[in-house]
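Participant: First the structure, then my questions, so here it is.
The values are calculated or read from the model by the stated rules, or taken from the named source; none is laboratory data. Note that the structure is a prediction, hence the values are computed from the model and not measured. So basically every Cβ, Gly included, is an ideal-geometry build from the backbone, and we count neighbours across all protein chains shown. Remember, those area values only see protein heavy atoms, side chains included, never the ligands or the DNA or RNA. Shrake-Rupley method; radii C 1.70, N 1.55, O 1.52, S 1.80 Å.
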Amino acid sequence: MLQELKGLDLTDSQREKLIKLEKNLDTEKKDHDQQKKEEKSQNGFVKFFARKNGAHSKNKQHDSHEVER
């Protein structure tokens, strides 16, 4: 869409606004991509530790049942 707008006969003011809009969109996309990357990384750590802690807590539960007997 931006390429189509750039192809139009624009005034200097319109062209400057279009360039500014394009830069803002690029910045927003980079921020969004970075946020998604961080969320994906955090989800990987959470899943890893949840599995590890879940298995460990099951062992603790099993041990506590044996002690109660």
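Participant: Could you give every pair whose Cβ atoms fall below 6 Å, whose first residue belongs to the stretch 14-40 and is under 21 Å from Met1 (Cα atoms), and whose second residue is part of a helix (DSSP H, G or I), counting only separations of at least 6 or pairs across chains?
Facilitator: Listed by first residue and then by second, the contacts come to Leu18/Leu5; Glu22/Leu2.
Participant: Right, next: Determine whether Leu5 is in contact with a helix residue (DSSP H, G or I) (Cβ under 7 Å, 6 or more places away or on another chain) and either open to solvent by 100 Å² or more (accessible area, probe 1.4 Å) or assigned to a helix (DSSP H, G or I) (or both).
Facilitator: yes
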